[in-house]
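K.L.:
First the structure, which I've put down as structure tokens, then a few questions once you've had a look.
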Amino acid sequence: MVVDVRAGDAKSAAYALPDTTARGAPPADAFAGHLGPLNRDTLGFYESLLPYGDLVRLRFLAWPGWALNHPDLIEDVLVRQAASFQKPIGLKRTRRLLGRGILVADGDAWRRQRRLAMPAFHRARVATYVSAMAGIADAHLAQWADGDVRGVVHEMTAITLDIATRTLFGADAGPFARAVETILRNSDAMVHRRLTSWEFLVPDTWPLPQYRDFHRDAKALDEIVFGIIRQRRAAAADTGDLLSMYLQSRDEDGSSLDDNLLRDEVMTLLLAGHDTTALLLSWGLWLLMRHPDAESRVRREVDEVLGGPGGRAATFDDLPALREVRFAIDETLRLYPPAFQNSREATVPVTLGGVTLPARSTVLWSTWAVHRDPRWFPDPLAFRPERFAEAGPARPRLAFHPFGAGPRMCIGNTFAIAEATVVLAEVLRRFRLEVLPGQDVRPFPAFTLRLDREVYARVRLRLPGEASE
Ligand code: HEM
């Protein structure tokens, strides 16, 4: 084990550097190579790579790929050598929903899109969204009656979709809700196959029989998004939200965003901006319901800061005081990172951990596996929010990276953390949730890390003056 002291690391302490000695790779299928095991058991496959070292050479059909198991190698790709990498081909062929939007674009097109969207996500701007977030959460929670059985994933998805559509696009989530839920439900298996099988070779715009439902659902979603754009162009009013900024933006040559690119951006932000946070909240509530000690600690803090069931919703200024809520959020993101895998393609030859990879190499890594590596997180499978409060072992900067890093880091990370904190605090302040017996939830790796089934919980209304315990 190589040990080093890194002056630049947050804790200025030693940790094991990447060991890139070639140590073989797990068994592969004769034709598909490692796409086979990746497709059959995605999360298990990533975990099975750890004993093979920190840089594992793989084969996807005829193409070589490298799996990165050390956070410093991931930092090389995302931060230090970011200019030598682009988004992978599989993602670029996932065009039907995200089009040429910011998540998929590269180079100058991406830079322009990022510059355009950035002002909507600055900290000061997010601060102005927080009271809207709390108001929307409250309106949804006001529908919950004592004794109701509620589907946690469904409820959290409805809240985060409403927050994204209203704060970013000044639109009512009503018509979206059903269309988005349908497409997410119907496309899970398809997206999973596209990312882990030969299907990544073909564009998702092709009329394959297995894509029929997906194309129908995508068309329905398109109509809603184009409808919003048409309405807002016609109204010509500056409502100060992200859609207004897009509509008013002009390039150096005076041209504005065409409707198709505008549709791609709105669709990307709607999908990236609500599904991930809904999953964070759903996994978080599932974990808290099953860990009463952790739940009590969080609820006690929420009651102290916000005044319990008869109190008030959180404001932006309350966020730093809601530390236990934040630890629970971080621990949920560690165990169930919604963006659980990622990859890039090298545009030029690159050197990672002393090994030179040719241009066009694919590198991939799993945030899921890195977050569960005992080198960085002792007792990694345990849900222990307090580990984020403790001085634990020295970790590389990217041992925990739920939002990525570098220039392509999640644009909505401050938005997501503020939203998750406000919603989680509101749920715990006003209700107790009891998970119905006999439910065993497992992660389902699609585009994001989903729960493989709905989680049903009975909700108990808390009364003013009721204790936190
Ligand atoms: C828990 C919630 C979230 C998680 C875990 C998450 C995770 C991520 C990650 C890992 C990336 C980087 C992808 C890469 O490197 O290839 C990313 C990018 C992105 N995220 Fe998020 N995200 C979340 C919430 C949000 C929200 C609330 C928004 C917007 C409202 C958003 C919008 C985006 C966009 C537009 C990008 C692409 C940025 C670019 O390429 O410049 N995300 N997200």
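The numbers here are math on the coordinates, done by the rules we state, and not lab data. All figures in this text were calculated on a predicted structure; none of them were measured in a lab. Using ideal geometry, Cβ is built from the backbone for each residue, glycine included, and neighbour counts are taken over all protein chains shown.
K.L.:
What is region 311-469's relative contact order, in percent, from Cα pairs under 8 angstrom and six or more apart in sequence? Show your work: numbers first, answer last.
P.N.:
On the way: 176 pairs, mean separation 40.2, N = 159.
About 25 percent, as a whole number.
K.L.:
Now, a different point. Taking every pair of alpha-carbon atoms in region 37-155, what share in percent sits in each 10 Å bin, from 0 to the bin with the longest distance?
P.N.:
10, 22, 27, 25, 15, 2
K.L.:
For the pair residue 206 and residue 182, how long in nm is the line joining their label points, each one 7 Å along Cα→Cβ?
P.N.:
A separation of 2.6 nm, rounded to one decimal place.
K.L.:
Further, regarding this structure: Just the number, please: Stokes-Einstein D of region 412-469 in µm²/s, Kirkwood Rh from C-alpha pairs, 37 °C, 0.692 mPa s. Don't jump to the answer; show the numbers that get you there.
P.N.:
Working: Rh = 13.9 Å.
The diffusion coefficient I find is 235 µm²/s.
K.L.:
For region 161-277, what is the convex hull volume of the alpha-carbon atoms per residue, in Å³?
P.N.:
On the way: hull volume 15.0 nm³, N = 117.
Looking at region 161-277, the number lands at 129 Å³ per residue.
K.L.:
What number, in nm² with one decimal, is the all-direction average of the projected area of the convex hull of the alpha-carbon atoms of region 376-456?
P.N.:
On the way: hull surface 31.0 nm².
Spelled out: convex hull of the Cα atoms, projected over all directions, averaged, 7.7 nm².
K.L.:
How large, in Å, is region 244-285 by the Kirkwood hydrodynamic radius built from its alpha-carbon pairs?
P.N.:
12.2
K.L.:
Debye calculation, C-alpha points only, no solvent: report log10 I(q)/I(0) for region 83-145 at q = 0.16, 0.18, 0.27, 0.29 Å⁻¹, in the same order as the q values.
P.N.:
These q points yield log10 I(q)/I(0) values of -0.74, -0.79, -1.06, -1.14.
K.L.:
What are the extents of the Cα atoms of region 19-76 along their three principal axes, listed from largest to smallest and rounded to whole Å?
P.N.:
31, 21, 19
K.L.:
Moving on to the next point. At residue 108 and residue 125, where each label point lies 7 Å from the Cα along Cα→Cβ, what is the point-to-point distance in nanometres?
P.N.:
2.4
K.L.:
How large is the convex hull of the Cα atoms of the chain per residue, expressed in Å³ as a whole number? Spell out each step's value before the answer.
P.N.:
On the way: hull volume 73.0 nm³, N = 469.
Dividing the Cα hull volume of the chain by its residues yields 156 Å³.
K.L.:
From the phi angles alone, apply the Karplus equation (6.51, -1.76, 1.60; θ = phi - 60°) to region 226-241 and give each ³J(HN,Hα) in whole Hz, x where the residue is Gly or Pro.
P.N.:
4, x, 4, 4, 4, 4, 6, 5, 5, 5, 6, 9, 8, 8, x, 8
K.L.:
HN-Hα J couplings of region 404-417 from phi, Karplus 6.51/-1.76/1.60, θ = phi - 60°, integer Hz, Gly and Pro as x?
P.N.:
Calculated HN-Hα couplings, in order: x, 6, x, x, 9, 4, 3, 6, x, 5, 5, 4, 5, 5 Hz.
K.L.:
What do you get for Rg/Rh of region 249-355 when both radii come from the Cα atoms and Rh is the Kirkwood radius?
P.N.:
Values: Rg = 20.9 Å, Rh = 18.0 Å.
Checking Rg against Rh, the ratio lands at 1.16.
K.L.:
Within region 368-387, name every residue whose backbone N is under 16 Å away from a label modeled 7 Å from Cα of residue 80 along the Cβ vector.
P.N.:
Within reach of a label on residue 80: no residues.
K.L.:
Grab the Cα-Cα distance for residue 379 and residue 95, subtract it from 0.36 nm times how many residues apart they are, and report the gain in nm with one decimal.
P.N.:
On the way: separation 284, 0.36 × 284 = 102.24 nm, distance 3.99 nm.
Working it through step by step, the gained length comes to 98.2 nm.
K.L.:
Still on this structure, please answer the following. Considering amide H positions built from the backbone, and no H for Pro or chain starts, which residues 5 or more places from residue 444, or on another chain, come under 5 Å of its amide H?
P.N.:
For residue 444, the qualifying residues are 450, 451, 452.
K.L.:
Using the Kirkwood radius over C-alpha pairs as Rh, can you work out the diffusion coefficient of region 323-469 via Stokes-Einstein at 10 °C, viscosity 1.306 mPa s, in µm² per second? Mind dumping the intermediate values first?
P.N.:
Details: Rh = 18.1 Å.
Reported coefficient: 88 µm²/s.
K.L.:
I need to check one value: relative contact order of the chain, counting alpha carbon pairs closer than 8 Å and at least 6 residues apart, in percent.
P.N.:
Details: 730 pairs, mean separation 113.4, N = 469.
Computed value for the chain: 24 percent relative contact order.
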